[in-house]
Amino acid sequence: MGERMDIIFAGIVLYNPEMNQLIENIEHIIHQVDVVLLVDNGSKNADEIKKLLDSYENVRYIDLHENKGIAYALNVIAGEAEKANAKWVITLDQDTVCENDIIERYKPYLYLEKVGQLTCNYRDRNFKDISKKADMDKQVEEVTWCITSAALLNIEAWKNAGGFDETLFIDEVDYDICLTMREKGYRIYNVNFIGFTHEIGNGKTIKLGLLEMKTWNHSPMRRYYGVRNAVIVARKHKELNFYRAILGAIKHMIIIFIFENQKWEKLKAGLQGLHDGIREKVLE
């Protein structure tokens, strides 16, 4: 790969992906980057995924053989990019579909001061609205955090932040590394364009008179990690308020109990997550 300054990887974390969606994901990013790296958290359809490699020259596959979590897989991706002297990697969920010019639209902002990650606006398949992370009148603006999906990660910043926190496994992994990067002096920038489509859970909008709220209909396991990790991340970062995190977790548990199915399973998972998040040893 050499020492070219503009080597860019794409990394896709896999777990039992829907194949047509994965192919669409690859097709939209493959011509924009040097290498597409698939890191598989023990998918049951691994043989099907491996067959895709025959169709592409610059797609690599790493099978972890078990579900080691989002954070571990992301660290594998960033580590492989670093070994290849890549400076940047765009991290993708398996259902993310990027616009065909997302990398070109990011490129003018690679040289902003202390970039940790670049992000952009997106469409969620479950909702009609478009994410607005920043002031829509500005072309680029510093933001507090971003989701990992379609974020362009600075490998140097990832390394100086100590990588993604693997104790979190899933949920809050993106929020946590953004906070850590910012504590290390890096910045997260939102570039004001719609760069990708994806979905978070099975999101739905619920209307109560004039009030609207979103529920994500995650599984009880995801509910456990969502609550546990929100508490751990609040304990870990001085910028956050621990008691506000506790109240937020309880509020979400109430909303989920009222509006989602598997009420008791999710309530039990959330309470267990609250308990474990308070007691868990936190990485310094």
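The values are calculated or read from the model by the stated rules, or taken from the named source; none is laboratory data. Treat the numbers as computed from the prediction; the structure is a model and nothing was measured. Note that each Cβ is placed from the backbone with ideal geometry, even for glycine, and that neighbours are counted across all protein chains shown. For accessibility, only protein heavy atoms count, side chains too; no ligands or nucleic acids. Shrake-Rupley method; radii C 1.70, N 1.55, O 1.52, S 1.80 Å.
I'm told I7 meets every condition in (1) at pLDDT 95 or above; (2) under 20 Å from S149 (Cα atoms) except one. Can you identify the failing condition by its number? Failing condition for I7: (1). Just one of the numbered conditions (1) open to solvent by 60 Å² or more (accessible area, probe 1.4 Å); (2) within 28 Å of V140 (Cβ to Cβ) is not true of L112: (1). Listed by position, the strands (runs of 3 or more DSSP E) enclosed by the range 167-284 include none that has at least 1 residues that are modelled with pLDDT of 95 or more, touching a His at 6+ places or on another chain (Cβ under 6 Å) and open to solvent by less than 30 Å² (accessible area, probe 1.4 Å). Is at least one residue of the range 28-35 touching a Lys or Arg at 6+ places or on another chain (Cβ under 7 Å), closer than 17 Å to N100 by Cα and surrounded by 14 or more Cβ atoms within 10 Å (Cβ to Cβ)? Among the residues of the range 28-35, at least one is touching a Lys or Arg at 6+ places or on another chain (Cβ under 7 Å), closer than 17 Å to N100 by Cα and surrounded by 14 or more Cβ atoms within 10 Å (Cβ to Cβ), which makes the answer yes.
The residue pairs whose first member lies in the range 104-115 and is in contact (Cβ under 8 Å) with a residue 40 or more places away in the chain and assigned to a helix (DSSP H, G or I), whose second member is surrounded by 15 or more Cβ atoms within 10 Å (Cβ to Cβ) and of a type in the set (V, I, T), and whose beta carbons are closer than 6 Å, counting only pairs six or more residues apart or on different chains, are Y109/V140; Y109/V191. Do you know which residues across the range 37-92 are among the β-branched types (V, I, T) and either within 15 Å of the chain's Cα centre (by Cα) or crowded, with 22+ Cβ neighbours inside 10 Å (or both)? Once the filter is applied, which keeps residues that are among the β-branched types (V, I, T) and either within 15 Å of the chain's Cα centre (by Cα) or crowded, with 22+ Cβ neighbours inside 10 Å (or both), the range 37-92 yields V39, I70, V76, I77, V89, I90, T91.
List the residue pairs whose Cβ atoms are under 6 Å apart, where the first residue sits in the range 62-78 and is at negative phi, the second is of a type in the set (V, I, T) and modelled with pLDDT under 95, and the two are 6 or more positions apart or on different chains. Note: pairs meeting the criteria are I70/I170. The test for being open to solvent by less than 10 Å² (accessible area, probe 1.4 Å), at pLDDT 95 or above and touching a strand residue (DSSP E or B) at 6+ places or on another chain (Cβ under 7 Å) holds for I103.
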